[in-house]
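Heads up: the structure comes next, in structure tokens.
The values are calculated or read from the model by the stated rules, or taken from the named source; none is laboratory data. These figures come from a predicted structure and were not determined experimentally. Ideal geometry is used to build each Cβ from the backbone, glycine not excepted, and the neighbour counts take in all protein chains shown.
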Amino acid sequence: MSTEDTRRYYEVLELPPDAPFAEVRKKYLYLNAFYMGDSMELAALNGDAPYHRRQGILAELQDAYDRLKDILGREEPVQQPLQSPDVTVRESMRDYLDGIAAFSGPILKEIREKMGIDLGSMAIATKVQKRYLEEIEAEQFTWIPAEVYLRGYVIEYARHLSLDHQKVAEDYMKRYRKFRSSSEEKK
Amino acid sequence: MYHTDKSCEIWAVAGGKGGTGKSFITSSIATQLALKGRRLVIIDADFGGANLHSFFGISRPKHSLSEFFEERIPLSQIIVHSGISNMGLITGALGSLDSESISYTQKQKLFRQIRSLEADYILIDLGAGSHINTLDTFLLADKMIVVTVPEVTAIENLYQFIKSVYFRKLKFFLGSFGLKDMLQDAWKNKAAYGIRNFANLLDHVKKSSPDVHVAFEKEMSTFVVYIILNQVRKSTDILVGENLKSVCLKLLGLTAVYAGYADYDEEVQKYINRKEPFMIHCRLSPVIREIEDITEHIMSGKTAIFSARSYEHGRY
Ligand SMILES: Nc1ncnc2c1ncn2[C@@H]1O[C@H](COP(=O)(O)OP(=O)(O)OP(=O)(O)O)[C@@H](O)[C@H]1O
Ligand SMILES: [Mg+2]
């Protein structure tokens, strides 16, 4: 990795290029939560903060953080940012969720159904079209989305269920990449 | 005609919304510079709402900008003493003058004379709103400073103001390429071009030709806004400035520096009402130290660094 790239990652995280890893991590968690949330600084932007651009920023932040984590050679577990208060996860539910090793489309569907949330209301809350939510669950894509969008949608999905959206997105995107490369091989 | 070997640095303060504390902050920063031994002139360019003199305890200023506009008296001859050593004051016109009555030629003459004033620093206090004269005076500055408060309406006005200034500069820039109608055209046909927001519009301009793109990056990269957050009432508010900086960078594509914040302190109003300069007489207020920091950050061009701790305790 060139120093040029490294500098760029620090820039994305709005940090000086000599910031230690602990700082990188804190700033990443902070900015990630900020661009995910509904703060007055974003609300005041009106049309200048469209959904897809925010998703793009989130993807950039994630990428910068992941790369810097590799470079700085730390493997601390990522603390989960604040959870969305929309759905409270009950205790029994928590046990069930803790038992999940890796998230996938069918598992997300199962969780959603256990929580009694229908796709229609989820589409309204997440502002992601119902069709895409269905495709995420089925892992069947009629439309091949750019990864940042898909990732954004998966994060919205996971947030709505109060899941650890970082982990969900990570697991899901890993599967998605595998799924895509194998479907390309078949062609 | 313009002085190219400018020895003075011009700082202009604006910000969109009224009553956020622009005049208070400008007069305080000016006082801080004077206390540090810098020679400066502070100008009240709030055409129509002049009151900067009050922050220095001056009730009936001997001279004002109306003499410049109406009697053609040179700017250097209408400087009054601010009551603080090293600092001259050019007070705004009280009464007849308003922004609409200033002609283009008068404005150019004013800018020329501001640039050639004898001082280390020239500070310009601007009025609320985004009037074209406010925008042009703001663009005259070497350091463009905005003051806002942690309130959604003030922040909305701040974005509007910053975008208006940026457009104004962009228009001058495109004019130099013989493309002065591009912005108007882009806006009129925004549906056809797929322009839905500020960032789309900038992309549209950049895409127009490689030459324009290169020059755009060069010229517009000098556009830097210093953000000051005033009337901070709780520690979590402090990060609003940091967030605004981030939003400017990431969503509007403009460079911003968070120069710092000043607490809300009831003493401020008391001193203003008593017509005593706050910075001179209220040394125990935390705001003093904060103004010192802000001034330092703007002088050095460095952003205020708030420790990583503050992120952990932030709202998010
Ligand atoms: N840090 C502060 N703490 C407490 N009060 C403040 C502070 N800053 C400003 N104020 C109050 O806000 C009032 C308005 O301040 P000021 O006149 O500087 O605003 P302004 O932005 O210049 O307004 P205008 O848009 O009308 O020019 C002041 O009279 C003062 O009482
Ligand atoms: Mg004022």
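Things worth noting here:
- For B:Leu158, the conditions (1) within 15 Å of the chain's Cα centre (by Cα); (2) under 20 Å from B:Ile10 (Cβ atoms) all hold with the exception of (2).
- B:Ile238 farther than 27 Å from B:Met87 by Cβ and within 15 Å of ligand 1 (Cβ to nearest atom): yes
- All helices (runs of 4 or more DSSP H) inside the range B:1-115 with 3 or more residues being away from ligand 1 (no atom under 16 Å from the Cβ) and farther than 24 Å from B:Cys282 by Cβ: B:65-71, B:104-115
- The number of residues in the range B:235-259 that are more than 10 Å from chain A (Cβ to nearest Cβ), touching a Pro at 6+ places or on another chain (Cβ under 9 Å) and small (Gly, Ala, Ser) comes to 0.
- With respect to (1) within 14 Å of chain A (Cβ to nearest Cβ); (2) under 10 Å from the mean Cα position of the chain (by Cα), the lone exception for B:Thr137 is condition (1).
- Residue within the range A:156-172 that is modelled with pLDDT of 90 or more and of a type in the set (Lys, Arg) present: yes
- If you go through the range B:261-277 and keep only what is more than 8 Å from ligand 1 (Cβ to nearest atom), part of a loop (DSSP other than H, G, I, E, B) and not charged (D, E, K, R), you end up with just B:Pro277.
- Listed by first and then second residue, the pairs linking a residue in the range A:173-187 that is at pLDDT 75 or above to a residue that is loosely packed, with under 13 Cβ neighbours inside 10 Å, with Cβ atoms under 9 Å apart and 6 or more places separating them unless they lie on different chains, are A:Lys174/A:Ala102; A:Arg175/A:Ala102; A:Arg180/A:Ile144.
- Residue check, B:Ile227 under 18 Å from the mean Cα position of the chain (by Cα) and either within 14 Å of another protein chain (Cβ to nearest Cβ) or modelled with pLDDT of 95 or more (or both): yes
Listed here are the residues, each with its yes/no results for (1) modelled with pLDDT of 95 or more; (2) of a type in the set (Asp, Glu); (3) under 25 Å from B:Ser7 (Cα atoms).
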{"residue": "B:Thr105", "(1), (2), (3)": "no, no, yes"}
{"residue": "B:Leu123", "(1), (2), (3)": "yes, no, yes"}
{"residue": "B:Ser130", "(1), (2), (3)": "no, no, no"}
{"residue": "B:Leu174", "(1), (2), (3)": "no, no, no"}
{"residue": "B:Lys188", "(1), (2), (3)": "no, no, no"}
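- Members of the range A:121-147 found to be β-branched (Val, Ile, Thr) and touching a His at 6+ places or on another chain (Cβ under 8 Å), listed by number: A:Thr126
- Pairs linking a residue in the range B:101-130 that is within 16 Å of B:Val13 (Cα to Cα) and more than 14 Å from every other protein chain (Cβ to nearest Cβ) to a residue that is within 16 Å of ligand 2 (Cβ to nearest atom) and acidic (Asp, Glu), with Cβ atoms under 7 Å and 6 or more positions apart or on different chains, are B:Asp125/B:Asp44; B:Asp125/B:Asp46; B:Leu126/B:Asp46; B:Gly127/B:Asp46.
- Pairs linking a residue in the range B:233-247 that is outside any helix (DSSP H, G or I) to a residue that is not aromatic (Phe, Trp, Tyr), with Cβ atoms under 8 Å and 6 or more positions apart or on different chains, are B:Arg233/B:Pro150; B:Arg233/B:Asp263.
- B:Asp265 satisfies every condition listed in (1) touching a helix residue (DSSP H, G or I) at 6+ places or on another chain (Cβ under 6 Å); (2) surrounded by fewer than 22 Cβ atoms within 10 Å (Cβ to Cβ); (3) within 14 Å of chain A (Cβ to nearest Cβ); (4) of a type outside the set (Phe, Trp, Tyr) except (3).
- Extreme residue, nearest to A:Tyr149 (Cα to Cα), among residues of the range A:29-52 that are touching a residue at least 40 places away in the same chain (Cβ under 8 Å) and buried (at least 18 other Cβ atoms within 10 Å of the Cβ): A:Met36
- Candidate set: the range A:26-57, residues that are in contact with a Lys or Arg (Cβ under 8 Å, 6 or more places away or on another chain) and more than 9 Å from every other protein chain (Cβ to nearest Cβ); chosen: the one nearest to A:Val154 (Cα to Cα): A:Gln55
Residues checked against (1) surrounded by 15 or more Cβ atoms within 10 Å (Cβ to Cβ); (2) more than 15 Å from ligand 2 (Cβ to nearest atom); (3) among the β-branched types (Val, Ile, Thr):
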| site | (1), (2), (3) |
| --- | --- |
| B:Ile43 | yes, no, yes |
| B:Asp46 | yes, no, no |
| B:Asn86 | yes, yes, no |
| B:Ile90 | yes, no, yes |
| B:Leu110 | yes, yes, no |
| B:Leu117 | yes, yes, no |
